Amino acid sequence: MKRRLIISGFCALVMGSPSSFAQSQVNQNMLLQSKTEGQNVTEIATKQDQALAGWIEGFKQRARRSGISETTLTRAFRHVRYDSSVIANDRNQSEFTKQIWDYLDSAASPLRVKNGAAAMLRHSRALDNVETAYGVDKHIVAAIWGLESAYGATRGDVPVIQALATLAYDGRRGSFFEEQLIAALKILQSGDTSPSNMKGSWAGAMGHTQFIPTSFLAFAVDGTGDGKRDIWSDDPTDALASTAAYLARHGWRKGQPWGVEVQLPSGFDYELARRDMTLSPAVWAQKGVRGVDGKAVPNYGQGAILLPAGASGAAFMIFENFAVIERYNKADAYVIGVGHLSDRLRGKGPIQASWPRDYQPLSFEEKKMMQRSLKQRGFLDDKVDGLIGPNTINAIRGFQKSIGVTADGYPSKTLLAHLR
């Protein structure tokens with residue numbers, strides 16, 4: 001399950017005679033079909049379309065070896081063309097720099113909470129059923145639904161086979177997208193949906209809760225009892241049941257929250273705020289960590305302290321269910337967004353701590369510059385990719401500690417200035 005950044009596409013450049021502009025526009029947007037000796041022959045208008053068509057012929061051989069029938073291949077690829085907007089979206093993901101507080105403002109906005117309450121009321125029977133069947137909190141399932149498709153309002157309208165074929169042919173993550181394409185063909189072959197109905201995001205995520213094809217094959221279930229796993233239908237029952245089944249299969253612990261907001265004591269040792277430092281709420285309370293009500297956090301199990309905005313923002317005690325939601329999407333912001341939205345749908349209030357809203361974020365290139373400097377100084381033993389994961393956070397903490405500043409692991413312009 002991947003986050004989707006929607007960016008307007010661009011048209012492919014058509015190579016043709018300068019004096020035939022009108023005809024080139026026609027060629028760019030149409031497929032001219034004819035029949036030769038009973039076989040359909042498609043004249044592809046652009047070089048990219050021609051190259052994709054050649055790739056598809058080679059791919060079909062591999063698909064047949066995976067058990068995909070000729071009938072399925074013919075139906076699936078009948079109208080497939082190279083989709084340049086898909087490539088544009090794929091190329092622009094790394095520049096996404098939305099801050100956690102901006103993300104949460106959107107994830108748990110008043111409108112999303114209001115719409116979520118209405119959606120939960122409309123589909124209360126389905127949500128109650130999946131909570132009973134799988135032991136997964138219905139508010140979490142509804143929150144994933146809310147973030148992934150605004151409760152079904154924005155399920156995506158990109159033809160999935162076309163998107164995955166374009167991405168697999170493009171080659172940047174070719175093996176991954178070819179695996180997804182094979183899985184999508186297996187879904188069609190099983191009869192769960194049709195090629196025309198199989199639509200989703202530019203990266204192939206589908207339905208109300210945006211399953212990628214391999215996850216659909218592994219975890220999707222029939223929630224309505226009609227013999228199909230129809231996550232694309234206006235009725236979200238199958239999608240909600242599939243999401244609950246996915247979380248249950250990945251170890252959801254019934255009765256345990258994703259996390260809770262906490263207060264840290266003055267003089268807190270920020271080196272303790274790391275995912276691999278898990279203690280019981282009682283032990284955290286001994287160290288001065290309390291809930292926002294000033295009381296010790298209930299014994300939900302071992303928990304870690306998460307500081308998504310460093311020492312200047314909110315602090316959370318997170319539990320094993322945080323990691324389960326993370327299987328859906330690995331971004332901390334997404335998991336906190338799901339958790340916080342679920343809390344709001346349950347009737348709880350907003351996050352109480354303030355955020356450093358005047359913070360100036362590092363650009364993608366600045367993040368890579370920071371990682372290079374940490375690597376040169378011996379604090380980072382990982383690739384330089386501009387992505388701030390646990391290894392980079394630990395490296396930042398090590399450097400911060402070496403220069404005697406608060407070791408909260410937060411990548412800031414102040415930190416970059418120290419490195420420089």
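If you go through region 95-137 one residue at a time, how many are of a type in the set (D, E, K, R), touching a residue at least 60 places away in the same chain (Cβ under 8 Å), closer than 18 Å to PRO257 by Cα and in a helix (DSSP H, G or I)? Full working, then the answer.
Of all residues in region 95-137, those of a type in the set (D, E, K, R) come to 95, 98, 102, 105, 112, 114, 122, 125, 128, 131, 137.
Filter once more, so that each one left must be touching a residue at least 60 places away in the same chain (Cβ under 8 Å): 95, 98, 112, 131, 137.
From what's left, closer than 18 Å to PRO257 by Cα: 131, 137.
Okay, now just the ones that are also in a helix (DSSP H, G or I), so 131.
Residues in region 95-137 being of a type in the set (D, E, K, R), touching a residue at least 60 places away in the same chain (Cβ under 8 Å), closer than 18 Å to PRO257 by Cα and in a helix (DSSP H, G or I): 1 in total.
Of GLY146, GLY156, which residue is of a type outside the set (D, E, K, R) and at positive phi?
Step by step, each of GLY146, GLY156 is checked, and only GLY156 is of a type outside the set (D, E, K, R) and at positive phi.
Mind listing whichever residues of region 89-102 are touching a Gly at 6+ places or on another chain (Cβ under 8 Å) and either at pLDDT below 80 or within 15 Å of GLN360 (Cα to Cα) (or both)? Steps first, answer last, please.
If we filter region 89-102 for residues that are touching a Gly at 6+ places or on another chain (Cβ under 8 Å), which is where we start, we get 89, 94, 100-101.
Those that are touching a Gly at 6+ places or on another chain (Cβ under 8 Å) and either at pLDDT below 80 or within 15 Å of GLN360 (Cα to Cα) (or both): SER94, ILE100, TRP101.
Return yes or no: is ALA184 small (Gly, Ala, Ser) and buried (at least 24 other Cβ atoms within 10 Å of the Cβ)?
It is true that ALA184 is small (Gly, Ala, Ser) and buried (at least 24 other Cβ atoms within 10 Å of the Cβ).
Of ASP238, ASP234, which residue is over 30 Å from TYR82 (Cβ atoms), surrounded by fewer than 17 Cβ atoms within 10 Å (Cβ to Cβ) and outside the structural domain of TYR82 (by TED's automatic domain parsing)?
ASP234
Taking region 199-229 only, how many residues are buried (at least 22 other Cβ atoms within 10 Å of the Cβ) and either under 30 Å from ILE87 (Cα atoms) or touching a His at 6+ places or on another chain (Cβ under 8 Å) (or both)?
Number of matching residues: 17.
Since ASN197 meets every condition but one in (1) touching a residue at least 40 places away in the same chain (Cβ under 8 Å); (2) more than 20 Å from THR46 (Cβ to Cβ), which condition does it not meet?
Just one mismatch for ASN197, condition (1).
Output the number of the condition that ASN321 fails; it satisfies all remaining conditions of (1) in a helix (DSSP H, G or I); (2) free of Cβ contacts under 8 Å to residues at least 40 places away in the same chain.
(2)
Given the structure, is SER215 without any contact (Cβ under 8 Å) to a residue 24 or more places away in the chain and not assigned by TED's automatic domain parsing to the domain that holds TYR169?
So SER215 fails the test.
Working only within region 237-265, note down all residues that are farther than 22 Å from ALA333 by Cβ and either among the aliphatic types (A, V, I, L, M) or at pLDDT below 95 (or both).
ALA239, LEU240, ALA241, ALA244, ALA245, ALA248
Would region 142-161 turn up any residue that is in a loop (DSSP other than H, G, I, E, B), among the polar types (S, T, N, Q), out of contact with any helix residue (DSSP H, G or I) (no Cβ under 7 Å at 6 or more places or on another chain) and within 26 Å of ILE182 (Cα to Cα)?
Our first condition is that a residue be in a loop (DSSP other than H, G, I, E, B); within region 142-161, this holds for 150-157.
Checking the rest, the ones that are also among the polar types (S, T, N, Q) come to 154.
Applying the additional criterion that residues be out of contact with any helix residue (DSSP H, G or I) (no Cβ under 7 Å at 6 or more places or on another chain) yields 154.
Checking the rest, the ones that are also within 26 Å of ILE182 (Cα to Cα) come to 154.
The answer is yes; a qualifying residue exists.
As an exercise: evaluate GLY301 against (1) touching a residue at least 40 places away in the same chain (Cβ under 8 Å); (2) in contact with a Ser or Thr (Cβ under 8 Å, 6 or more places away or on another chain); (3) closer than 20 Å to GLY409 by Cα and give the number of the one condition it does not meet.
Of the numbered conditions (1) touching a residue at least 40 places away in the same chain (Cβ under 8 Å); (2) in contact with a Ser or Thr (Cβ under 8 Å, 6 or more places away or on another chain); (3) closer than 20 Å to GLY409 by Cα, the odd one out for GLY301 is (3).
Across region 371-420, which residue is surrounded by the most Cβ atoms within 10 Å (Cβ to Cβ) among those that are of a type in the set (Gly, Ala, Ser) and in a loop (DSSP other than H, G, I, E, B)?
GLY409
Scan region 138-151 and tell me whether some residue there is modelled with pLDDT of 95 or more, assigned by TED's automatic domain parsing to the domain that holds ASP83 and of a type in the set (D, E, K, R).
no
Answer yes if at least one residue in region 183-190 is touching a Ser or Thr at 6+ places or on another chain (Cβ under 9 Å) and of a type in the set (D, E, K, R), and no otherwise.
Checked region 183-190: at least one residue is touching a Ser or Thr at 6+ places or on another chain (Cβ under 9 Å) and of a type in the set (D, E, K, R).
Does region 348-360 contain at least one residue that is crowded, with 16+ Cβ neighbours inside 10 Å, small (Gly, Ala, Ser) and over 17 Å from ALA107 (Cβ atoms)?
Checked region 348-360: no residue is crowded, with 16+ Cβ neighbours inside 10 Å, small (Gly, Ala, Ser) and over 17 Å from ALA107 (Cβ atoms).
The values are calculated or read from the model by the stated rules, or taken from the named source; none is laboratory data. What you see is a predicted model; the values in this text were computed from it and never measured. Here Cβ is always computed from backbone atoms with ideal geometry, including for glycine, and neighbour counts include all displayed protein chains.
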